[in-house]
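Just below is one structure, and these are the notes that go with it.
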Amino acid sequence: MTAPLMDSSLGFSIPGRNARGRIVRLGPLLGNVLESHAYPDPLAKLLGEALILSALFGSTLKDAGGQLTIQAQTQNGVVELLVVDYKAGELRGYLRYDVDRFAEAPADPSLFALFGQGYLAITFDQALTGERYQGIVPLEGGSLAEAAEHYFVQSEQIPSLLRIAVNKDADGNWIAGGLLLQHLAEGEEGRERLHVRLDHPEWEHVHVLAETVTDEELTDPALELEAIIWRLFHDEGEIRVLPGTSLTKGCRCDPAHIRQVIGQFSAEEHADMADSDGVIRVNCEFCAKSFPIEVTDL
């Protein structure tokens with residue numbers, strides 16, 4: 001038997017229940033993102049949860065060139081800013097935090113301890129039409145997953161269930177998994193739309209089944225994603241599984257583009273931006289790389 005594919009997502013639907021879902025697992029990709037920043041474990045876990053969210057939401061985009069961005073921000077929490085995004089199977093993310101406040105936080109900080117009175121913004125950019133739409137909800141609940149569920153209820157009015165797990169294996173390698181399940185509207189003119197009925201029996205049924213997924217299943221590298229779907233919903237009459245999607249770490253910082261942008265500023269502005277060696281250093285927060293540009297080359 002071949003090893004289960006890591007850094008991948010798998011979509012599925014249950015036609016008889018008007019439900020669709022997506023399951024994701026991240027391994028080496030997650031490790032590569034976290035290694036670039038050396039975050040403390042609680043913050044590394046938080047960023048892992050956000051990356052899973054981005055993969056779950058982003059992989060549902062019908063526009064192949066579209067982008068999904070998730071941003072969490074606060075004015076009085078440990079985490080000052082968290083940003084992740086998904087585009088064409090590529091994930092990237094980073095967070096900025098207050099070192100002093102983190103030192104005062106509990107060993108296993110709650111979502112409120114990390115963000116205080118923060119908010120979660122989810123933005124969809126459609127490449128084909130140029131349209132953008134955004135939903136903003138308070139960072140409430142015990143996890144980012146619970147806050148995102150509030151987004152779907154308030155902004156999309158779609159009953160949704162989210163489960164996310166982030167762990168380290170015995171060798172200290174990070175691994176994360178997530179499940180998104182949603183109830184779809186019947187969409188037929190003149191009929192009641194399912195998404196306004198959170199107590200619809202079809203949704204209650206699949207919701208109860210999906211709730212039984214465990215953190216161990218989501219983060220078990222030896223367990224196929226399709227096997228998890230089968231465990232949860234094998235009694236259903238029909239389950240349709242879509243082709244899997246590979247996920248990669250992606251950062252779109254381009255030295256040529258950075259040079260072009262800097263070149264549009266005046267000579268006086270170049271002098272203000274440069275250090276004592278005559279070098280302008282542009283930092284990418286996502287990949288933690290610095291791009292030195294000598295003023296004399298502009």
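Return the lysines within reach of LYS289: Cα separation strictly under 25 angstrom, same-chain partners fewer than 8 residues apart disregarded; answer none if there are no such residues. In chain and number order, the partners are LYS45, LYS87, LYS249.
Rounded to the nearest Hz, the phi-derived 3J(HN,Hα) couplings of the stretch 12-21 under the Karplus curve 6.51 cos²θ - 1.76 cosθ + 1.60 (θ = phi - 60°) are 8, 9, 10, x, x, 10, 6, 10, 9, x, where x marks glycine and proline. Between the stretch 221-298 and the stretch 23-98, the C-alpha centres lie 11 angstrom from each other. Simple point charges give the picture: +1 on the Cβ of Lys and Arg, -1 on the Cβ of Asp and Glu, and for the chain a dipole about the Cα centre of about 460 debye. For mean projected area of the Cα convex hull in nm², pick the label among [x] 13.9; [y] 17.3; [z] 19.4 that corresponds to the value derived from the coordinates. Only one listed value fits the structure, namely [z].
Estimated purely from DSSP H runs of n ≥ 4, each contributing -39500 (n - 2.57), the mean residue ellipticity at 222 nm for the chain is -7500 deg cm²/dmol once divided by its residues.
Counting only residues at least eight positions apart within a chain, or on another chain, the aspartates and glutamates with an alpha carbon under 17 Å from that of LYS168 are ASP7, GLU35, ASP41, GLU49, ASP108, ASP215, GLU216, GLU217, ASP220. Residues whose amide H comes within less than 5 Å of that of GLY116, counting only those at least five positions distant or on another chain, are VAL78 (H built at 1.01 Å from N in the peptide plane). Taking all Cα pairs closer than 8 Å and separated by 6 or more residues, the relative contact order of the chain comes to 23 percent.
Could you calculate the contour length gain from PHE112 to ILE136, that is, 0.36 nm times the residue separation minus the distance between their Cα atoms, to one decimal place in nm? Before the final figure, lay out the partial values.
Numbers: separation 24, 0.36 × 24 = 8.64 nm, distance 1.69 nm.
Between PHE112 and ILE136, full extension yields 6.9 nm more.
Among VAL33, VAL261, the order by Cβ neighbours within 10 angstrom, fewest to most, reads VAL261, VAL33.
Taking the Cα centre of the stretch 198-298 as origin and charging only Cβ (+1 Lys, Arg; -1 Asp, Glu), how large is the dipole, in debye to the nearest 20? Working shown, then result.
On the way: 7 positive and 22 negative charges, 125 e Å.
It comes to approximately 600 debye.
Peptide packing for 15-25, 48-58 was compared via the average number of neighbouring C-beta atoms within 10 Å per residue; ordered from the highest value, the list is 48-58, 15-25.
Compute the length gained on full extension between THR123 and PHE291: take 0.36 nm times their separation in residues and subtract their Cα-Cα distance, giving the result in nm to one decimal.
57.7 nm
Just so you know, all these numbers are worked out from the coordinates, no wet-lab data involved. Computed from a predicted structure; not experimentally measured. Positions of Cβ are generated from backbone atoms using ideal geometry, with glycine treated the same way; all protein chains shown enter the neighbour counts.
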